[in-house]
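Written out below as structure tokens is the structure these notes cover.
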Amino acid sequence: MPTLDVSELNIVIAVLGAFTILYGIISVKIKQKWYLGEALPALVMGIILGPIAAKFIDSQRWGSAVKDQTGDITLGLTRVVIGVQLVMAGYQLPAKYPWHRWKYELWKDGFTSSFSVLSSVLKWIDCESFLLYPTALGLFIIDFTGCAGLDDLLACFCAGAALNWNGNYLDETFKRHDEVNSCIDVLLNFGGFMYIGAILLWDEFNQPDITGITYGRLMILGLLVLLLRCIPAMMVMYKLMPNTVKTWQEALFMGYFGPIGIDGVFYVEHALHLFPKVDAAETHGEEDLLRAMGPVVYFLVHFSIKVPPIVETDPVTERRLSVSDPLPNNAHLDPRTASVVRHNRFSRATSRDGGISFDDLERRFAKSEHAVSRSRAAPTTPVWRLTGATDGSEETLKDQDGTAMGNKDVESQGERREKSIAFVEENALQGRQRGDDAWGTPEYAVQSRF
């Protein structure tokens, strides 16, 4: 009989793996039909599997199960998630972006050159190690700065910006079609938001007699934070940043968008570690502050994730990496450039070519493509064949005037003549004039010289 080992580690790994698999199966519907990212589904799954419901995930049972260990686990986990993601955000900035935009220096030249030297030793690094460099760099800096007592998050962002200081690293990731870092980012979000959902302080969201916190007050606070946290400041100051924010619509978007996520949990746990414990509070005001910090911030994180952003932006044209990539409802394939035009969730833009909408172009292109597919069968495996070659001799070429010549005759010519090699479909040659391509057009040929 096999012995069950239902340890906390096995449960956590199984839950994370199962959620990743299930989310991946319907990820297209989640992102392109419901317009959701990975934060809300992971948060809801953490709530369902946490102590308030299924009790599968309970951080108080992890490890040595020390009392009040959840705060230490939360602080460490959020440090890792934010640190690695800040390195990724830093290297995705344009070359020398902090220097050009912020107008002051955040690090020494030696610190910058120590990471910029990576671009000069690319021949020593394989593709996997090259694309994993931001993750490894983030983990190393978090540990090193934590031991040294330095600002780990600022160091991670600076290291990411320095990694792409001359622009070579980001350019190389584009050439290698980097999907590694985006996958790591999604996996970190899965684990981070599922953990937050499991540790939400439900018992402290309604304590009118202790802290005065109630669900009604928290809802009002959430709405006020959503409206007043960044929007007024951005609407007033955006004209001072003409290179970054060009219109008031962009300022409104930047002020509205940006939920309070894992970073908010990190800062409240960091603050609680700096303050004394509730039992050691010296005044009633300090005690009320310590009791209210956790539930207020955790509710704002929960509220900002549950309230989806409503944005209105211009369409964006992007390159399609694979024909197998599904197109979302708010995007379509532009037949003129074979690129994807991605709109916001509410509007469809109008093309600049005579007022024809992209919807009309899409329908017209779909009809023409359908007509072609019905009139002609799809080509099978194409082969190279010499234009005008007879079945009896594959070495026979035809001159431009139709005269047959052998190889020796060609070599005897003092002047080189241009010949055609057609890229045709084998079966399509039956019943057609040789020299025409598989679609019946007048010779789809590659010109070569003999």
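A few points about this structure:
- The condition of being more than 20 Å from residue 135 (Cβ to Cβ) and either over 17 Å from the mean Cα position of the chain (by Cα) or among the polar types (S, T, N, Q) (or both) holds for only one of 40, 9, 16, 36, that being 9.
- Meets criteria (under 18 Å from residue 185 (Cβ atoms), surrounded by fewer than 18 Cβ atoms within 10 Å (Cβ to Cβ) and among the aromatic types (Phe, Trp, Tyr)) for residue 35: no
- Boolean, residue 5 is on the phi > 0 side of the Ramachandran plot, free of Cβ contacts under 8 Å to residues at least 12 places away in the same chain and not in a helix (DSSP H, G or I): no
- Count - residues of the range 269-311 that are in contact (Cβ under 8 Å) with a residue 24 or more places away in the chain, in contact with a helix residue (DSSP H, G or I) (Cβ under 7 Å, 6 or more places away or on another chain) and not in a helix (DSSP H, G or I): 3
- Filter result (more than 16 Å from residue 185 (Cβ to Cβ) and surrounded by 13 or more Cβ atoms within 10 Å (Cβ to Cβ)) within the range 21-32: 28, 30, 32
- Condition met for residue 269 (surrounded by 15 or more Cβ atoms within 10 Å (Cβ to Cβ), more than 26 Å from residue 77 (Cα to Cα) and of a type outside the set (A, V, I, L, M, F, W, C)): no
- Of all residue pairs spaced 6 or more apart or on separate chains, those with beta-carbon atoms under 9 Å, a first member in the range 60-80 that is under 16 Å from residue 275 (Cα atoms) and a second member that is exposed (fewer than 14 other Cβ atoms within 10 Å of the Cβ) and of a type in the set (A, V, I, L, M, F, W, C) are 72/66.
- Remark: residue 233 matches the filter, which requires a residue to be on the phi < 0 side of the Ramachandran plot, among the small types (Gly, Ala, Ser) and under 30 Å from the mean Cα position of the chain (by Cα).
- Check on residue 94, in the same structural domain as residue 266 (by TED's automatic domain parsing) and exposed (fewer than 13 other Cβ atoms within 10 Å of the Cβ): yes
- Given (1) among the hydrophobic types (A, V, I, L, M, F, W, C); (2) within 29 Å of residue 8 (Cβ to Cβ); (3) not in a loop (DSSP other than H, G, I, E, B), number of the condition residue 260 does not satisfy: (3)
- Residues of the range 128-176 classified as under 25 Å from residue 76 (Cβ atoms) and acidic (Asp, Glu), total: 3
- In the range 142-197, the residue that is surrounded by the fewest Cβ atoms within 10 Å (Cβ to Cβ) out of those that are free of Cβ contacts under 8 Å to residues at least 12 places away in the same chain and not in a helix (DSSP H, G or I) is 149.
The values are calculated or read from the model by the stated rules, or taken from the named source; none is laboratory data. All figures in this text were calculated on a predicted structure; none of them were measured in a lab. Glycine also receives a Cβ, built like all others from the backbone with ideal geometry; neighbour counts cover every protein chain displayed.
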